[in-house]
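I have placed the structure first, in the form of C-alpha cells, so that the comments after it can refer back to it.
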Amino acid sequence: MKVTVRSIARLGAHVPPGRHGNRVVLDVAPDATPAQVMRRLGLSADRSYLVMVNGEIVPEARQDVARLRDNDEVTILPKPKVG
C-alpha cells in the first residue's frame, strides 16, 4: 500500500530519495502505523513530533496503534519547544 509522507521544517532531511519537495510516496505494509513510518524515516520515538493523518492530529498514545490506509497522507512536524 502507498502513503504520502510530508515533513515540515527541519525534518526534510529525513525524507528519503525520490521526494518531491517535502513529500515522498512510500510503500508500507497494509497494517502500518504512523509510528512505523516515523521509525522508517529515522525519527526518534521521543514523541517530539506532531503527527497528522489526512489533516487530523493523531494523539501520541495512538501513533503506535492507528492504522494507515492506502493513499493516506502522513504529515510530521516538530513540536514547538515550550519554555
Seminar exercise, completed: Protection proxy (average C-beta count within 10 Å per residue), highest first, orders 61-67, 37-43 as 37-43, 61-67
Problem set entry | Residue-span extension gain [ARG67 to LEU50] - 0.36 nm each, minus C-alpha spacing | 4.5 nm
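Read-outs throughout are calculated quantities, based only on the coordinates presented, and are distinct from any laboratory measurement. Fair warning: this is a prediction, and the values are worked out from it, not measured in the lab. Positions of Cβ are generated from backbone atoms using ideal geometry, with glycine treated the same way; all protein chains shown enter the neighbour counts.
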